[in-house]
Every structure is written in structure tokens, then in C-alpha cells.
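J.: The structure under discussion is supplied below as C-alpha cells; questions concerning it will follow.
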Amino acid sequence: MYDTVHHAVCNDTRTMEQKRTLYSRIAELLQLEPGIRPEDVFISLIEIKQENWSLGCGLAQYID
């Protein structure tokens, strides 16, 4: 049986060290609860530049 957890984090502001810490912490917490083995945690971080977002009203909030 396979379970999938999908969580989107979409920005391009983290350093490499912050990414390493994020990946490690996610695996650690998922092992604690609900008990997923760290070797079964696969993380793909998709970075989208802030200028590529519009959060409503046709505005480029991160540009303006």
C-alpha cells in the first residue's frame, strides 16, 4: 500500500542550506508521525520566481 503526501512550496528565496534543513526536517517529522520511513520520503522542490505570480485582480503583487 502506498500513500502520497503532496505539499507545494513555491518560491525561490531559500538558500541551499535552508533547503537541506527543510528536506531533513520534513523526513524527520514524517517519521515521528504518521511513521513514514525517511527512505520513503521523496521531495521535489519546484521554484517559481515571484514575478511569475498574480494573486488576484490581474495584479503582479510581487513586482509592484
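Every number in this text was worked out from the coordinates using simple rules, so none of it is lab data. Keep in mind it's a predicted model, so treat the numbers as computed, not measured. Reconstructed Cβ throughout: ideal geometry from the backbone, glycine too, with neighbour counts over all protein chains shown.
J.: Based on the Cα gyration tensor of the chain, what are the three equivalent ellipsoid semi-axes, each the root of five times an eigenvalue, rounded to whole Å and given largest first? Don't skip to the answer; put the middle values down first.
T.: Numbers: eigenvalues 182, 42, 14 Å².
Semi-axis lengths for the chain are 30, 14, 8 Å.
J.: Using label points projected 7 Å from each Cα along Cα→Cβ, tell me how many nm separate Leu22 and Asp3, to one decimal.
T.: Label-label distance for Leu22 and Asp3, simple model: 2.3 nm.
J.: Rounded to the nearest 10 degrees, what's the angle between the helix 16-32 long axis and the longest principal axis of the chain, both from Cα atoms, 0 to 90?
T.: 40
J.: Same structure again: What is the extension gain from Glu39 to Glu51, computed as 0.36 nm multiplied by their sequence separation minus the C-alpha to C-alpha distance, in nm to one decimal? Before the final figure, lay out each step's value.
T.: On the way: separation 12, 0.36 × 12 = 4.32 nm, distance 3.48 nm.
Stretched fully, the Glu39-Glu51 segment lengthens by 0.8 nm.
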